[in-house]
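So the structure is just underneath, and the comments pick up after that.
The values are calculated or read from the model by the stated rules, or taken from the named source; none is laboratory data. The model shown is predicted, which means the values in this text are computed figures rather than measured ones. Cβ atoms come from the backbone with ideal geometry, glycine included; neighbour counts cover every protein chain shown. Just so you know, the surface numbers come from the protein's heavy atoms only, side chains and all, with ligands and any DNA or RNA stripped out. Shrake-Rupley method; radii C 1.70, N 1.55, O 1.52, S 1.80 Å.
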Amino acid sequence: MHKHSRRLLRGIGLVCALALGVSACGSDDGDSSRKAVSQEDIRAALEKGGTITVWAWEPTLEQVAADFEKKHPGVEVDLVNAGTNADQYTALQNAISAKKGVPDVAQIEYYAMGQYALTKQLTDLKGFGADKLSDTFSPGPWNGVKAGGDGVYALPMDSGPMALFYNKKVFDEHGIEVPTTWAEYLDAARELRKADPKAYITADTGDAGFATSMLWQAGSRPYTVNGTEVRIDFSDQGAKTFTDTWQQLIDEKLLAPVTSWTDDWYKGLGDGTIATLAMGAWMPANLASGVKDAAGDWRVAPLPQWTAGAAASAENGGSALALPELGGDEALAYAFVEYANAGEGVRTRLANGAFPATTADLESKEFQETAFSYFGGQQANKVFAESAANVADDWSYLPYQVYANSIFNDTVGQAYVSDTTLAEGLESWQEASVEYGTEQGFTVEK
Amino acid sequence: MTSPVVTVSDRGAAKAAGTPGSPPPRLRTPRRRHSADKPRRSVWLTLLTSLVLLYSLVPLIWLAVSATKTQEGLSRSFGLWFDGDFALWENIGQTFTYDDGVFTRWLLNTLLYVGLGAGGATFLAVLGGYALAKFDFPGRRAVFAVVIGAVAVPGTALAVPTFLMFSKMGLTNTPWAVIVPSLISPFGLYLMWVFASEAIPTELMEAARIDGAGEVRTFFRVALPLLAPGIVTVLLFTMVATWNNYFLPLVMLKDPDWYPLTLGLNSWNAQAATAGGEAVFNLVVTGSLVTILPLIAAFLLLQRYWRSGLAAGSVKE
C-alpha cells in the first residue's frame, strides 16, 4: 500500500502538471495527517483568536462567517470565492503545488473528494473527533466525505437528494400526468412534444453529474475504488437500464438541446419550454432567484423510479468543507467547519435556502413543514427528506472524477450530437478513464 | 470589444466650397468628376461597409438595450428590442450596490492596473523606442531581433510561466502580479522605435545639443512633444490590452478584492451555475456596459491625436 501511494503521488500529474511541476507535490509521508486536536485545543484556539481563510462559493456561508466572527470576537474569517467548482479545484491544486496561499478551509464537492483524500492533501478529521459525528449526517454525504477510505476528510455541508421538479402549469395545460416511473416519463415526453412542438420534457446536452446520478439511482456501480486499485465498468444491468430509456429520449428528439445553467436554460425554465428537471434538492434557491417569473408554476415530485413502486434515489451535487493539509491554524479552522456544518451555522444556512446534510434537520418537523411559496405553498422538503433517506450509500466516485467529468462531453456527449449511442459513449468514457488512470499510476481494471 | 469606427467627414469641406446664400452654381457638364475631394461613390462598397458596420454595432446595441431590462425581462423579451419595464437606472444602481458594492472596488482595481500597467508600459516603450531609434550602440540589432520575436509570443502563452516565476517570488495574489507583467509591451516598444526614428529629425537633436541642452533636456523638451501622436497610439493599445486582460489576472489572483472588472463580471456570471447561487444576468450585462464606457470615452478623447499621428510622414515637406 505504501509503495502504491508513493507511485501514485509521483504520478498524479493532473494535480501537479497544472502548476509547479511534480517535485512540489506530496512530499509528505501521509502519516503526519493523523493529528490529534482535542476540544480543549479548539477552545484555546478560539480564545486566542486569529484569521482563517475559507475558499468557498456557497452563498449562505457569508452570514455564517459573520455570525461566527460575532460569537468569537478574536477570530476573523476571510471568506474568498476562488472560483466555482472546477475553477476552484484548479486554484487549490496550484496553491498546494506551490505550497503557498493554501486556504485553511476549502469547499470540495463529493465527486471531487477522492482526488484530494487519496493524495493525502486533506487533513483526516478523525483526529479532531469527527468520526463521532457519523450519525449526525445522512448516509449519502457521509459516505462522500469518507471518499472510499476509512478517514473523514471533511464535514458534509449540504446534500442533493434528487427529486423531480416539474412545471405544473404546463402539465395541467396539456392534461399530462406527473410520471412516477421513467417509462411514464418517456410517455409524458412524447405527449408533451405532440401537444406543444416547442416544449420539451427536459433539457440535456450531456452532463456528467446528471448521468452519474442517474446511474446511481438505476443501481449501476461503475466505479469500485480500493486505495489505488480502481475498477471501471459500465456494462452492468443498471447502466443498461438507464441507457435504454435515455437513448429513446435522444433518438426521438425529446430533449431540449439546451445546456444546463446557461441563460437559455433559465429562459426555458421560465417560459415552459423545459417542463421538468431531475435535480438535487438544492435547486429551489436557484429557481427562486433565476426564474422569478415562473413562481407558482413549479412543483416537486419524487424522482421517477425504474421499477414501479420502488423508492430508490441518488445524490446530485452537494459539497463539504475540508481542511487542506497545508493550511494553517487547524484547530480554528475545524472550529469554523464544525460550527458551519454541524453546529448553529446549519440553522443560518437553512434559513437562507441551503439544503442540509444533517439528519436531525432533515427529520425535524419545522424543516419538513416549511411551505415554499415558489412551489405554490407545497411542503417540498418532505419530498426531499424522503429522497435523502432512500439514497443508497454504496456509490463511489473515481479518485480522479474531476478529470473524468471533464472528458464526459468528448465521449458520452457524442451520443447527443451524432449517431453514437449512449451505451457506446459510456464505453469510450470507460476506455478514456481507464487509460488516464493507468497513466496516473493507478491499477485500473475494466 | 469592438473598436469604434472612425468616420472621416468631408461635409465641412463641401460646405465651404459653395458660397453661402447664393444658389448653387449651374454646371454645364453634369458628369461627375472624381478627385481626392470628391471620392467616387460605389454602391457595392457602401453596402459592404454598412454590412460590416452593422455587424460590429449589433453586439453593442444588444448590450445597450439589454442593460435596460430586469433579470426576468431578459429572458422574456426579444434581444434587440426593449422590454416593457425600463430598468436601466435600477440596474446601474444595483450593479454598484450588489454584494456590498464590490463592483466599485473592481472598477478601481481596473483603473489601478490600467494606470500603472498601461501608463508604465507606455512610458517604458517611449524611453526604449527613443533610445533604440536615436542612439547607436553595440547589440542594437540583437535587441531588435528580440523585440520582434517578443511581439510574436502571445501574452496568454506567457501567463503560466509568469505565474510560476511570480509564485516563487511570493507576488501572486497581489496587484503587482498583474501590474508588473503589463509593464512589458514589445509591440509598443517596436511602434515607438519606428515612430521615433521617423518623427524626430536627428538634425533637431543636434541643434539642441549645440545650444547646450543635455540629453535629458533634449528628450523632454525636444523629442517628447514630437512623439505625442505615437505615445497616444501606444497608450491606447496598452490601455485596451490591460483593460480587457482576463487570463493573466485569472491565473494570478484568487482574492476577489483584487479582481479587475473582467474577472469580477465573470464571477457574477458563474454564480448562476452554482447550487444556491443567484442568477444576476441583468447585473452582468449592465456591468459590462458600464465597463466599456471608459474605453469608449478614451477613444473619443484621444482619437484626434491618434489620427494626426497616423498622417505624420505621409506628406513630403
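Brief remarks on what is shown
- Relative contact order, percent, segment B:102-205 [alpha-carbon distance under 8 Å, six or more residues apart]: 54 percent
- With Cα atoms, 0 to 90° folded angle of helix A:237-251 axis to chain A main axis: 50 degrees
- For chain A, size of Cβ-based charge dipole, Lys and Arg +1, Asp and Glu -1, in debye: 440 debye
- For segment B:78-130, the mean projected area of the C-alpha convex hull, equal to one quarter of the hull surface, is 6.2 nm².
- Interface burial in segment A:76-117, defined as at least 30 Å² less accessible area with all protein chains than with the chain alone at a 1.4 Å probe, covers A:V80, A:N81, A:T84, A:K100.
- Degrees between helix A:61-71 axis and first principal axis of chain A (Cα, 0 to 90, nearest 10): 40 degrees
- Members of A:K100/A:K120; A:K169/A:K267; A:K146/B:K254 lying beyond 21 Å, as alpha-carbon distances in this model show: A:K146/B:K254
- Accessible-area composition of chain A, carbon plus sulfur, in percent [1.4 Å probe]: 48 percent
- Under 5 Å from the amide H of A:A320 lie the amide H atoms of A:I108, A:E109, A:Y110, A:M157, each residue being 5 or more positions distant or on a separate chain, with H modelled from the backbone and absent for Pro and chain starts.
- Antiparallel bridges, percent of DSSP beta bridges restricted to the protein assembly as shown (to nearest 5): 60 percent
- Cα-based shape type of chain A, given that a ≥ b ≥ c are square roots of the gyration tensor eigenvalues and the cut on a/c is 1.5: oblate
- Accessible surface, segment A:28-143, averaged per residue in Å² (probe 1.4 Å): 40 Å²
- Peptides A:354-364, B:285-295, ordered by how many other C-beta atoms sit within 10 Å of their residues on average, highest first, read A:354-364, B:285-295.
- Environment charge at A:G318 (Cβ cut-off 11 Å; Lys +1, Arg +1, Asp -1, Glu -1): -4
- Across chain A, C-alpha contacts under 8 Å between residues 6 or more apart give a mean separation that, scaled by the residue count, equals a relative contact order of 25 percent.
- Test item: A:284-291 mean partner chain Cβ contacts at 10 Å: 5
- Diffusion of segment A:233-364 by Stokes-Einstein, at 10 °C in a medium of 1.306 mPa s and with Rh set to the Kirkwood radius over alpha-carbon pairs, works out to 86 µm²/s.
- These residues, B:V52, A:V417, go from largest to smallest accessible area, 1.4 Å probe, as A:V417, B:V52.
- Selection from B:L127, A:S428, A:Y334 lying farthest towards where the dipole of the protein assembly as shown points positive, charges on Cβ: B:L127
- Stokes-Einstein D for the protein assembly as shown, Kirkwood Rh over Cα pairs, 4 °C, 1.567 mPa s (µm²/s): 43 µm²/s
- Taking the empirical scaling 2.2 N^0.38 Å for compact globular proteins as reference, segment A:163-226 has a Cα radius of gyration ratio of 1.37.
- Tensor-based shape of segment A:30-141 (alpha-carbon gyration tensor, a/c under 1.5 rounded, otherwise prolate or oblate): rounded
- The solvent-accessible area of B:F86, taken with every protein chain present and a 1.4 Å probe, is close to 110 Å².
- Selection among A:G149, A:W57, A:S289 by position relative to the dipole of chain A gives A:G149 as farthest towards the positive end (Cβ unit charges, Cα centre).
- Only Lys, Arg (+1) and Asp, Glu (-1) charged, at Cβ; segment B:61-143 dipole about Cα centre in debye: 680 debye
- Between amide H atoms placed 1.01 Å from N, distances below 5 Å from A:Q305 occur with A:T181, A:W182, all of them 5 or more places distant or on a separate chain.
- Based on alpha carbons, the Rg and Dmax found for segment A:66-202 are 21.9, 64 Å.
- Packing, as the average of other Cβ atoms within 10 Å across residues, places the peptides A:277-283, A:152-158, B:267-273 in the order A:152-158, A:277-283, B:267-273, highest first.
- Neighbourhood charge, 13 Å Cβ-Cβ cut-off, centred on A:T421 and excluding it, Lys, Arg +1 and Asp, Glu -1: -4
- Over all other residues within a Cβ to Cβ distance under 11 Å of A:A278, the charged ones net out to -2, with Lys and Arg as +1 and Asp and Glu as -1.
- Computed from Cα positions, the angle between helix A:330-341 and the longest principal axis of chain A comes to roughly 30 degrees.
- Where A meets B: accessible area buried, both sides, 1.4 Å probe, Å²: 2100 Å²
- Look at the dipole of segment B:153-221 built from charges on Cβ: of B:V160, B:W193, B:A207, the Cα furthest out on the positive end belongs to B:V160.
- Size of charge dipole - the protein assembly as shown - debye, nearest 20, with Cβ of Lys, Arg +1 and Asp, Glu -1, no other charges: 4480 debye
- Computed over segment A:339-446, the Cα gyration tensor eigenvalues convert (square root of 5λ each) into semi-axes of 39, 19, 12 Å, ordered from largest to smallest.
- For the segment A:260-267, counting C-beta atoms of other chains within 10 Å of every residue's C-beta and taking the mean gives 4.
- Partner shielding of B:280-291 amounts to 1, given as the average count of beta-carbon atoms from other chains within 10 Å of each residue beta-carbon.
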